Structure formats: C-alpha cells, structure tokens
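Reading through the structure tokens given below for one structure.
Please treat every number below as a calculation from the coordinates, not as lab data. As the structure is a prediction and not an experimental result, all values here were calculated from the model. We place every Cβ from the backbone using ideal geometry, glycine too, and count neighbours over all the protein chains shown.
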Amino acid sequence: MALMPKRVKHRKSQRGRIRGNATRGNTVVFGEFGLQSVDAGHVSATTIEACRIAANQYIRGVGGKLYIRIFPDKSVTARPLETRMGKGKGEPDHWVAVVRPGTVLFEVAGASLDAARDCFNRVSHKLPIRVRMVERRPGT
Amino acid sequence: MSTLDVIAIQPRTNIGTTASRRLRRDGLVPVNVYGHGEKEAFGTVGADVASAIARSGAKVVDLKLEGSDEQKAIVREVQWDTFGTHVLHLDFMRVDATQRVTAHVPIHLRGTAPGVIAGGRLDHHLHSLTIECLAVQIPTEINVRITSLKIGDSLHVSDIADLPPGTTVLSPADEVVVQIVEPKGEADATEEAAEPAGE
C-alpha cells in the first residue's frame, strides 16, 4: 500500500509553485549515506513505493537499512476521462511529496559505500527528478 | 584536538544579510566571535580556511583577531549551504583553557563486529556523544570498539570506556549507541518480492 495521509483538513489543494532550495530535511540524519534531490518536483506515492521496493530488494542482500525521508501529503486532483470541462474541480486522484532542491529523499544505514551507491543507482532510475548521493557531514 | 594553525580573522564593519552575501561573493566567510565576558567581534576568514575548519572536525581553535592577543575558541556553529558544499557562516565562542565546557563529539565505530560477519545488521543509533571536559581536551572523535558484538548484542553509552581522563559523559547512560539485529526472516522477503507483482 502506497503512503498517504490518514486524515487531512482539506481534501483538495491548489497546485502551488516550488520556489527556492530546501532549508529543512537537507542533511543526512539517520544513516551514513543519503540521496539528495538536485531539482524541484513532485514525487508521487507510487513512485516512493517503487523506490522502496527496488532499494529493499537490493539492500537485503548486502545488509543495511533504508529510511524514507519524504511523505506524500499533497493531494493531486484529476478529471474523469471523456468528460467536458467545467462542473468544478476534479476529485483527488493521487498523493505527492513536494521536493525542493537539496531535500534528502532516502537514506541508507549499515551498508558500505559501494553498496549504497548501487542501491541509490537503482532508486534514481525510478525518480522523476535528478538526484545525487551525499554522505553524512563531518562532525555530526 | 585541533591540528589547525592560528586562524587570522580580518575585522568587518558591515554586518547583516546583504553585506554578508557580498562578502561570500568575494570568497570570504563571515564569522562572529563572542563569549568570555568580552565584546562580540565580527570578522571574516577565507572560504578555504572556513571549509578546512568545518571539515577537520576541530572543536577548539586558536584565533588571532586584529588588535588583540591570540585566544582559544570553540567552533560553536557551522552553517552550510543547502547542498552542504560551501560554508556560509562560522560562530566562535571564546574559552579559557581551564574552563570545563559541554561539547557534542562524533562517535566513530572501530573494527568489524562478529555479528555482522554472521549475517546480522549493524544499527548505529547514536552518532554523537555529549560530554563535559576541559576546553583544550575536547577530542575530535570518540572511538568505540565493536569487535565483541554478536547478533542481538547492543552497546550502551555506559559501555564506552575509551574516554580522555577528566571527561564526564552527559548523554543518558542507558541510551543505545549501536546494536546488531537479526536479518529479516525469509517470510518477510517473500512478502516484499510479491508486492511488485501486485502493482
């Protein structure tokens, strides 16, 4: 089951604009290596789930733990197929996480550098944004 | 302990966001020096020097401000840019060599645990330790040997013995630093593998 909020205050939200860089959630906190976004964009719940499965399938073999640092808390509406325009806003269709440049999307703990690189390489092919691998900052 | 040379700080008169941005464009990093009952000082260091300080993990450095003697200071805060590539700002707090201070020191794991060789997973929970010691004795890192940990074993803060003399640990003694957990069972693996087929 893909990630989605349990309860929301408002079912539908406006699209919005993604401006600036990430000022929070931009450091590796739980593991030793992280996958950081370079672009801004929306990552859907199904994409996060696909990344989780791809990463876990790989990481199970080498020993390690995956942390997901983003959560899809923004609803995206869509109109049913073959309907005319108008008649109000469409119904919620799926959930997305808003990602700014610098956001750490995933982290890996307990794995070697090569294993983490291979793992993130598999994950990066499933993402709609450019990413790069980062290490925990020295002294933290 | 610090292995850096004495850091010369050039004074700056213009403070604030705009002035700081201008300095960064010129390859400088704004720094603040405060504490020890003296007036705060605003200055700059070169971007390469700031980066060296931040990446060395040094806790105590020697500063030389213009018009004053050499003094010791703790690297209180390091501000990085979004991508963690450039240092934006440094805060130094003046200290006396005989003063006891609180510091967060990174924990470094040494050796390979037999539990990991046996197929267990290493969970590193606590990455830094809060300690109190003399300002000049703050270690750059604390080494923790994990060569005796088997599957199911855990190492707590109270088990860390390799500390410099006169150091008091302030982190809770029962906090887990590292543990070796059993790998996921075969049942979980089958369940995970079945999920993509269902999508």
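Rg and Dmax of the protein assembly as shown, Cα atoms, in Å?
Calculated on Cα positions, Rg and Dmax stand at 24.2, 79 Å.
Only Lys, Arg, Asp and Glu count, each charged at its Cβ (+1, +1, -1, -1), so figure out the dipole size of the protein assembly as shown about its Cα centre, rounded to 20 debye.
Charge dipole, the protein assembly as shown, about its Cα centre: 1940 debye, nearest 20.
Calculate, in whole percent, how much of the Cα-Cα pair population of region B:1-56 lies beyond 19 Å.
33
Treating the angle as unsigned and between 0 and 90°, give the value, to the nearest 10°, between the Cα long axis of helix B:186-198 and the longest Cα principal axis of chain B.
80
Partner chain Cβ atoms within 10 Å, averaged over the residues of B:121-129 - can you pull that number for me?
The per-residue average across the peptide is 4.
Does anything in region A:74-96 have its amide N under 20 Å from the 7 Å Cα→Cβ label point of residue A:9, and if so which residues?
The answer is A:74-77, A:92, A:95-96.
Considering amide H positions built from the backbone, and no H for Pro or chain starts, which residues 5 or more places from residue A:28, or on another chain, come under 5 Å of its amide H?
It is A:137, by chain and number.
Give me the angle, in degrees from 0 to 90, between the Cα long axis of helix A:45-62 and the longest principal axis of the Cα atoms of chain A, rounded to the nearest 10.
20
So, in nm, how far is label residue A:125 from label residue B:56 when the simple model puts each one 7 Å beyond its Cα toward the Cβ?
It works out to 4.4 nm between the two label points.
Please give the net charge around residue B:145, taking every other residue with its beta carbon less than 9 angstrom from that of residue B:145, where Lys and Arg add +1 and Asp and Glu add -1.
0
Test of understanding: express the Cα radius of gyration of region B:77-125 as a ratio to 2.2 N^0.38 Å, with N the residue count.
Ratio of Rg to 2.2 N^0.38 Å for region B:77-125: 1.89.
In debye, nearest 20: dipole of region B:1-101 around its Cα centre with unit charges on the Cβ of K, R (+) and D, E (-)?
Its charge dipole is roughly 280 debye.
Using a cut-off of under 17 Å, list every residue of region A:82-123 whose amide N is near the label point 7 Å from the Cα of residue A:71 along the Cα-to-beta-carbon line.
Answer for region A:82-123: A:95-100, A:104-107.
Would you mind ranking B:181, A:123 by Cβ crowding within 10 Å, fewest neighbours first?
Sorted ascending by nearby Cβ count, the order is B:181, A:123.
Quick one: Cα centre-to-centre distance for region A:39-86 and region B:102-143, in angstrom?
Taking the Cα centre of region B:102-143 as reference, the centre of region A:39-86 is 34 Å away.
Give, in nm to one decimal, the length gained when the segment between residue B:25 and residue B:38 is fully stretched (0.36 nm per residue of separation minus the Cα-Cα distance).
Gain on extension, residue B:25 to residue B:38, equals 1.7 nm.
Give me the inter-chain shielding for B:80-89: mean count of other chain Cβ atoms within 10 Å, whole number please.
The per-residue average across the peptide is 4.
Which Cα, out of B:16, B:161, B:63, lies furthest along the positive dipole direction of the protein assembly as shown (beta carbon charges, K/R +1, D/E -1)?
B:16
Using all Cα-Cα distances in region B:101-189, what percent lands in each 10 angstrom bin from 0 up to the longest?
Going out from 0 Å in 10 Å bins, region B:101-189 shows 17, 44, 25, 10, 3, 0 percent.
Take every Cα-Cα pair in chain B and report what % of them are more than 30 Å apart.
It works out to 41 percent of all Cα pairs.
Would you mind checking the tilt of helix A:113-124 against the longest principal axis of the Cα atoms of chain A, expressed as 0 to 90 degrees and rounded to 10?
Between the helix axis and the principal axis of chain A, the angle is about 10 degrees.
Take the Cα gyration tensor of region A:38-140, multiply each eigenvalue by 5, square-root it, and list the three semi-axes largest first, rounded to whole angstrom.
Each semi-axis is √(5λ); the values are 33, 15, 10 Å.
Taking the Cα centre of region A:45-105 as origin, sum charge times position over the Cβ atoms of Lys and Arg (+1) and Asp and Glu (-1), and report the length of that vector in debye to the nearest 20.
140
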